[in-house]
Structures are given as structure tokens and as C-alpha cells.
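What follows is a single structure, written as C-alpha cells, with notes after it.
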Amino acid sequence: MVYSILTATINSADQENTTMQSESPAPATEAMNVNAACQYLGCAKQWLYAQVKIGALPHYRVGPRLRFRKSSLDAWITTQEQQAQS
């Protein structure tokens with residue numbers, strides 16, 4: 001009796017955990033560090049840091065560390081392309 005209750009509880013918890021893992025990840029997973037942002041943009045770290053310093057590149061900080069959202073960088077790229085065409 002106790003064994004069957006424990007087994008049912010464990011199976012229920014396993015199913016719940018599997019369901020939670022299969023849900024789409026939170027938007028925060030698109031965050032990139034400096035290296036990933038440089039690779040994504042195809043630029044050097046020095047250029048990226050210079051753009052951050054003058055406020056030209058969208059970013060945020062987690063403590064002292066810089067982070068970049070892919071969606072923000074995509075929007076920034078689109079803006080740069082539009083400005084280049086006009």
C-alpha cells in the first residue's frame with residue numbers, strides 16, 4: 001500500500017518535471033555574453049566595447065558583466081541597414 005502510493009507520487013513528479021522541461025525556454029535564454037555577441041555580429045571585442053561605451057549598441061548588465069539580447073541586436077542591425085540605405 002505505502003509502496004504504491006510512493007510509486008504514484010514519484011511517477012507524478014517525473015511527469016510534471018518532463019512537462020516543465022519540454023516547455024519553450026524563457027526569453028532570457030537569448031542573452032549573449034561579449035564573446036557570443038562578437039561572434040554573432042562578426043566584430044572585435046574592442047569595437048563592441050567602444051560601441052557600448054558611447055551607447056550605440058543595446059545592452060544590459062548583470063552585475064559587472066555585459067549581456068546582449070539577440071532580438072535587440074537584430075533590431076539594431078535592421079536600423080543600421082535602414083540608415084545605410086537612406
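A few remarks follow.
- Look at (1) modelled with pLDDT of 95 or more; (2) within 13 Å of the chain's Cα centre (by Cα) and you find that Pro27 fails only one, number (1).
- Search result, residues across region 44-58 that are assigned to a helix (DSSP H, G or I), farther than 15 Å from Asn33 by Cβ and of a type in the set (A, V, I, L, M, F, W, C): Trp47, Ala50
- Within region 59-86, the only residue that satisfies the criterion of being under 13 Å from Ala37 (Cβ atoms), assigned to a strand (DSSP E or B) and among the aliphatic types (A, V, I, L, M) is Leu66.
The values are calculated or read from the model by the stated rules, or taken from the named source; none is laboratory data. This structure is a prediction, so every number in the text was calculated from the model and none was measured. All Cβ positions, even for glycine, are placed from backbone atoms using ideal geometry, and neighbour counts span all protein chains on display.
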